[in-house]
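Working notes, structure below.
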Amino acid sequence: MPQSSLSWRRMPGSSGIWQLKSGESTRGGSPAKGECHFIPMKIVTHPKHVRDAWAGQYQRLARQFAGLLRSKTGNLVEIGCGRGQLTIPLSKLVSDSLFIVDNFGGPYSKDHGLLKSALVRERLKSRIQVIVSDYADWLSRQSSDLYGALISNEFLPEINTADMRRFLSECYRVLKPAGVTVHGFLSPNPENLRQQLVIESDTDSRWTDFPSEEWFSPPPSLVKNQLRQIGFRKIRTFEIKSGLIIKADAARTFLKRWGVKDGFWKVYKERLTQEGLEIPDWIIVSGVKPTTNTI
């Protein structure tokens, strides 16, 4: 059976980037043939609908992550799991045992409790092992050629260029030959002012106490190049349209959940009420560790 009603097309003028559209089927993340249409925009204006709209983003991401993983990779590691936004929907699509790693520090201090409650509610405690640790320390203690897959979502934005290279190098080391790595993040390239507002709210120290060290998200080309230099092969880059606009009181609720200061709402209230925020496109970059050393 097809994994979803969503699919990919190569973006005009792009270099190895596929864009998600609706109306086709995908198998393993491969582009399918047939007529298709852009995903319609979803506009959220009421605060009570924000949570479900955001959960819908992760359900779509989980389907695409699952499509890039083999049917059974063995032990699967997720770095930077947070409150399990990706973990939980993905666990329902793969049969692997999951090891999820996070230090739950800074603005994410409450996520550990939320994650534990969610795992109990979804009856997933027996399949998912939560490891509270700094990711680099934990990876350094793992044997080489041990795991079938290592993934992250919205983790690369938390680290800088040098740390990303060290992280991806460790991904390569701990993966088995033919192991898969998949990393998702929001596009750093806004397509309009609504998306630019999202990026500003998350990176400008006027609006957040936890601005990223280097970027809102890394350039997709940099992630791809680092994976290749480290030794990964079959590298693929995908772009998924979020299709989500959040306006009025819903925008204020969303910003609070992101830890954005209320001053941002006060400065941009008219624009947020009339035009809203638009979630940037999602980027997914994947690679496979070759069965023989090609470095």
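The values are calculated or read from the model by the stated rules, or taken from the named source; none is laboratory data. Being a predicted model, the structure only gives us computed values, none of them experimental. We place every Cβ from the backbone using ideal geometry, glycine too, and count neighbours over all the protein chains shown.
Within region 123-148, the set of residues being assigned to a loop (DSSP other than H, G, I, E, B) and among the acidic types (Asp, Glu) comprises 134, 145. When every residue of region 197-208 is checked against the conditions, none turns out to be modelled with pLDDT under 95, surrounded by fewer than 20 Cβ atoms within 10 Å (Cβ to Cβ) and of a type in the set (Lys, Arg). Restricting attention to region 216-240, the residues that are crowded, with 20+ Cβ neighbours inside 10 Å and assigned to a loop (DSSP other than H, G, I, E, B) add up to 4. Considering only region 208-219, I want to know if a residue exists there that is of a type in the set (Asp, Glu) and in contact with a helix residue (DSSP H, G or I) (Cβ under 7 Å, 6 or more places away or on another chain). The answer is yes, given that some residue of region 208-219 is of a type in the set (Asp, Glu) and in contact with a helix residue (DSSP H, G or I) (Cβ under 7 Å, 6 or more places away or on another chain).
Being in contact with a Pro (Cβ under 7 Å, 6 or more places away or on another chain), basic (Lys, Arg) and more than 16 Å from residue 206 (Cβ to Cβ): is that true of residue 289 here?
yes
With respect to the conditions (1) modelled with pLDDT of 95 or more; (2) surrounded by 15 or more Cβ atoms within 10 Å (Cβ to Cβ), residue 259 lacks only one, and its number is (1). Residues that are more than 20 Å from residue 194 (Cα to Cα), surrounded by fewer than 18 Cβ atoms within 10 Å (Cβ to Cβ), at pLDDT 95 or above and not acidic (Asp, Glu) occur at least once in region 32-49.
Out of the residues in region 115-150 that are aromatic (Phe, Trp, Tyr) and farther than 21 Å from residue 95 by Cβ, state the one that is surrounded by the fewest Cβ atoms within 10 Å (Cβ to Cβ). Top of the filtered list is 138. Condition check for residue 174 on (1) within 26 Å of residue 220 (Cβ to Cβ); (2) surrounded by fewer than 16 Cβ atoms within 10 Å (Cβ to Cβ): one failure, at (2). Residues that are in contact with a Pro (Cβ under 9 Å, 6 or more places away or on another chain), part of a helix (DSSP H, G or I) and not polar (S, T, N, Q) were ranked within region 151-171; the one that is surrounded by the most Cβ atoms within 10 Å (Cβ to Cβ) is 156.
Within region 144-169, residues that are in contact (Cβ under 8 Å) with a residue 40 or more places away in the chain reach partners that are polar (S, T, N, Q) and outside any strand (DSSP E or B) with beta carbons closer than 6 Å, at six or more positions or on different chains, in the pairs 147/75; 148/73; 148/75; 149/73; 157/212; 157/217; 165/226; 168/226. All conditions but one from (1) at pLDDT below 95; (2) over 23 Å from residue 181 (Cβ atoms) apply to residue 278; the one that does not is (1). Filtered by the rule that a residue be of a type outside the set (A, V, I, L, M), in contact (Cβ under 8 Å) with a residue 60 or more places away in the chain and touching a strand residue (DSSP E or B) at 6+ places or on another chain (Cβ under 7 Å), region 79-136 gives 80, 82. Restricting attention to region 172-221, which residues are charged (D, E, K, R) and over 16 Å from the mean Cα position of the chain (by Cα)? Matches in region 172-221: 173, 176, 191, 194, 200, 204, 206, 209, 213, 214.
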